[in-house]
Amino acid sequence: MRDDKENIIVQRTFDFSLKIILFSEELRLEKKFEMASQLFKSGTSIGANIREAQNAESPADFLHKFKISAKECEETQYWLQLCKESQILPSPNEEIITELEIIMRIISKIISTSKKR
């Protein structure tokens, strides 16, 4: 299943993970350790599952990994929204929120296209 040409979703989710790492560190500096851990785990898991899907054992396995990534997107969006709307947590910048929304749309499209095959 692996294709070594440029893979937009693999690269976007990797870059997003780097942004999540930076924001998680910002939360840690503010001593918001629990939120930092939750966000770090879900935010970096998106790309990890996408990367795993590149070596899927079957089309069903590929789809399963993308569905897990979609769930991790939802969880990450939840933690970011809590940060944004909370009075005591640092707020994420709009770039990270927008990037997550783009990633979610791409993943959704890949899932729907994969189901049709």
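Things worth noting here:
- Close contacts from segment 30-45, counting a first residue that is β-branched (V, I, T) and a second that is in a helix (DSSP H, G or I), with Cβ to Cβ under 6 Å and a gap of 6+ residues or different chains, come to T44/S17; T44/I20.
- When segment 106-117 is limited to residues that are assigned to a helix (DSSP H, G or I) and over 16 Å from the mean Cα position of the chain (by Cα), the one that is surrounded by the fewest Cβ atoms within 10 Å (Cβ to Cβ) turns out to be K116.
- Counting residues in segment 76-85 that are in a helix (DSSP H, G or I), among the acidic types (D, E) and surrounded by 13 or more Cβ atoms within 10 Å (Cβ to Cβ) gives zero.
- Just one residue in the set I97, I103 is within 21 Å of A48 (Cα to Cα), out of contact with any Asp or Glu (no Cβ under 9 Å at 6 or more places or on another chain), part of a helix (DSSP H, G or I) and touching a residue at least 40 places away in the same chain (Cβ under 8 Å); that residue is I103.
- Test result for I68, without any contact (Cβ under 8 Å) to a residue 40 or more places away in the chain and part of a helix (DSSP H, G or I): yes
Read-outs throughout are calculated quantities, based only on the coordinates presented, and are distinct from any laboratory measurement. Treat the numbers as computed from the prediction; the structure is a model and nothing was measured. Please note: Cβ atoms are built from the backbone with ideal geometry, for glycine as well, and neighbour counts cover all protein chains shown.
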